[in-house]
Amino acid sequence: MHVELVFYDASNNVYLGQAAHCSGTGGATEAGGCDSGSLPIGTPVEIENASRPGTLVYNSWMAMQQRGETNQDVCDFNDLGLVKVDPADAPTVNPTIPFWGGPTSTTDTTQQGDTVLSYGNSSLRLGISQLSPKQGLSLGQSGGGWTHQVYTVTPGIPGDSGSAFIDADGRAFGVLSTLQIAPTVGSNGVSDLTRMLAYMEANGGPDVTLALGTEPFSGPLL
């Protein structure tokens with residue numbers, strides 16, 4: 001389980017952000033968004049504690065394939081899906097990241113040594129799914145800025161994909177996408193939020209705005 005970023009549009013529809021590969025139809029080794037299969041737009045998506053399923057309305061992998069994307073950095077790291085929350089459940093969605101508060105805004109930059117924060121815990125981790133805060137460091141960006149390498153205690157594993165990441169000022173910068181073995185074993189790749197949103201809006205996806213937290217941002221632990 002993990003905490004995802006929340007978005008809304010001009011009609012006040014509410015959306016949850018997830019990793020596009022969470023709706024992939026291939027095996028775990030299929031990680032290239034430009035040549036991997038995905039469930040179709042319109043697929044029902046179960047949302048924990050919701051009375052009705054949400055609906056998959058955007059998948060960056062499908063958008064890249066329809067466009068014929070050839071930029072390898074984009075193919076590797078553009079990993080965003082949007083799930084529209086059923087209107088019956090939309091009023092109950094709170095965009096605040098538990099424990100930390102925020103997000104306060106967005107940023108497209110993390111530098112090596114910057115503090116990064118997230119919240120969640122995969123149900124695959126020893127069968128324990130209790131959510132918890134995570135704090136760590138950015139190892140810098142790569143892939144033309146499309147991915148932020150981060151190291152947290154504990155690192156993300158399968159099941160954590162889609163987790164929201166914010167910096168020391170509460171600014172959202174990405175969603176957890178990959179488990180890395182290089183350059184640092186146990187680090188994670190966090191796909192850049194602003195680049196993925198810009199790509200989505202340029203390629204037929206919903207025009208959405210990040211929902212800011214309703215509780216103040218507390219700042220990182222000392």
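The values are calculated or read from the model by the stated rules, or taken from the named source; none is laboratory data. Quick caveat, the model's predicted, so the values are computed rather than measured. Please note: Cβ atoms are built from the backbone with ideal geometry, for glycine as well, and neighbour counts cover all protein chains shown.
Of the residues contained in segment 24-41, none is found to be at pLDDT 95 or above, farther than 19 Å from THR194 by Cα, of a type in the set (S, T, N, Q) and surrounded by fewer than 16 Cβ atoms within 10 Å (Cβ to Cβ). The conditions of being touching a Pro at 6+ places or on another chain (Cβ under 9 Å) and not assigned by TED's automatic domain parsing to the domain that holds SER177 are not met by GLY68.
Okay, residues lined up against (1) assigned to a helix (DSSP H, G or I); (2) β-branched (Val, Ile, Thr); (3) on the phi < 0 side of the Ramachandran plot:
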residue	(1), (2), (3)
ILE41	no, yes, yes
GLN66	yes, no, yes
GLU69	no, no, yes
ASP76	yes, no, yes
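Taken over segment 151-174, the criterion of being assigned to a strand (DSSP E or B) and either of a type in the set (D, E, K, R) or modelled with pLDDT of 95 or more (or both) is satisfied by PHE165, ILE166, ASP167, ARG171, ALA172, PHE173, GLY174.
Out of contact with any strand residue (DSSP E or B) (no Cβ under 7 Å at 6 or more places or on another chain) and closer than 19 Å to GLY120 by Cα: does that describe ASN49? The answer is yes for ASN49.
Considering only residues that are in a helix (DSSP H, G or I) and not polar (S, T, N, Q), look in segment 78-101 and name the one that is nearest to ALA50 (Cα to Cα).
Here the residue is ALA90.
The sole residue among PRO95, PRO103, PRO133 that is in contact with a strand residue (DSSP E or B) (Cβ under 7 Å, 6 or more places away or on another chain), under 27 Å from ARG171 (Cβ atoms) and at pLDDT below 95 is PRO133.
Say whether the condition of being of a type in the set (Asp, Glu), more than 13 Å from LEU16 (Cβ to Cβ) and surrounded by 15 or more Cβ atoms within 10 Å (Cβ to Cβ) is met by at least one residue in segment 78-87.
yes
Answer yes or no as to whether THR55 is under 25 Å from GLY143 (Cα atoms), of a type in the set (Val, Ile, Thr) and surrounded by fewer than 22 Cβ atoms within 10 Å (Cβ to Cβ). No.
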